[in-house]
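The values are calculated or read from the model by the stated rules, or taken from the named source; none is laboratory data. Since we're looking at a predicted model, the values are computed, not measured. Here the Cβ positions follow ideal geometry from the backbone for every residue, glycine too, while neighbour counts run over all protein chains shown. Side chains included, ligands, DNA and RNA excluded: accessible areas come from the protein's heavy atoms. Shrake-Rupley method; radii C 1.70, N 1.55, O 1.52, S 1.80 Å.
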Amino acid sequence: MQAADRFAEGASDGQVAREFRVSRMSAGRWRRALENGGRETLVSKGAGGAACKLDDAQLARLEQALEEGPIAHGWDDQCWTLTRIAEVIGRLFGVSYTVGGVCYLLHRLDWSWQAPCRRAAERDEKAIAAWKDEQWPIIKGWQHSKGRGCASRTRPGRP
């Protein structure tokens, strides 16, 4: 509405764009909307996108189902995927969601995706570090020189 006031005062698209920190194209769009439909065309129409298909009670039940884990819902590992969550939503509530819709829904619930750490539980970090220090140089045939060197093969280091 402040932009509408500025247009009424005779401000140009560029002036309004600079003042309200928007693109010149947006300011021009606002001016044309104002000219064609009046101030009521500039009123916000609210957030875009479809309305949520689940009510508050169903969202709480979904969150509970997610906390139970994938194993409780028939999968053999502890990884939730968007496809799996969409399937659970379909089973529990009879509502279909796209993968993108599930992602948006999870963000709305303040859930975020986590990349699982793919390491064996039996992993021995000390043994791995020792192997890297002792065995790997032997396998690769590295030769550690005591002097300065150069990474270039055509310009070896000087002694």
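What about L82, is it open to solvent by less than 100 Å² (accessible area, probe 1.4 Å) and touching a residue at least 40 places away in the same chain (Cβ under 8 Å)? So that I can check it myself, show each step before the final result.
Details: open to solvent by less than 100 Å² (accessible area, probe 1.4 Å): yes; touching a residue at least 40 places away in the same chain (Cβ under 8 Å): no.
Judged against the criteria, L82 is not a match.
Considering only residues that are surrounded by 12 or more Cβ atoms within 10 Å (Cβ to Cβ) and not charged (D, E, K, R), which ones fall in segment 61-78? Working first, answer last.
Of segment 61-78, the ones surrounded by 12 or more Cβ atoms within 10 Å (Cβ to Cβ) are 61-63, 65-66, 69-70, 73, 75.
Scanning segment 61-78 gives L62, A65, L66, G69, P70, H73, W75.
With the condition kept exactly as written, say whether any residue in segment 44-51 is under 30 Å from W30 (Cα atoms), surrounded by 10 or more Cβ atoms within 10 Å (Cβ to Cβ) and in contact (Cβ under 8 Å) with a residue 12 or more places away in the chain.
no
Taking the conditions exactly as written (open to solvent by less than 90 Å² (accessible area, probe 1.4 Å) and hydroxyl-bearing (S, T, Y)), does Y97 satisfy them or not? If you could, list the steps in order and put the result at the bottom.
Details: open to solvent by less than 90 Å² (accessible area, probe 1.4 Å): yes; hydroxyl-bearing (S, T, Y): yes.
The answer is yes for Y97.
Has segment 105-121 got at least one residue that is surrounded by 12 or more Cβ atoms within 10 Å (Cβ to Cβ) and at pLDDT below 90?
Let us first name the residues in segment 105-121 that are surrounded by 12 or more Cβ atoms within 10 Å (Cβ to Cβ), namely 105-106, 109, 111.
Subsequent filtering for residues that are at pLDDT below 90 retains 109, 111.
Yes - at least one qualifying residue is present in segment 105-121.
Is it the case that V16 is over 30 Å from R118 (Cβ atoms), assigned to a loop (DSSP other than H, G, I, E, B) and open to solvent by less than 80 Å² (accessible area, probe 1.4 Å)? Let's see the steps before the verdict.
Values: over 30 Å from R118 (Cβ atoms): yes; assigned to a loop (DSSP other than H, G, I, E, B): no; open to solvent by less than 80 Å² (accessible area, probe 1.4 Å): yes.
Against the criterion (over 30 Å from R118 (Cβ atoms), assigned to a loop (DSSP other than H, G, I, E, B) and open to solvent by less than 80 Å² (accessible area, probe 1.4 Å)), V16 does not qualify.
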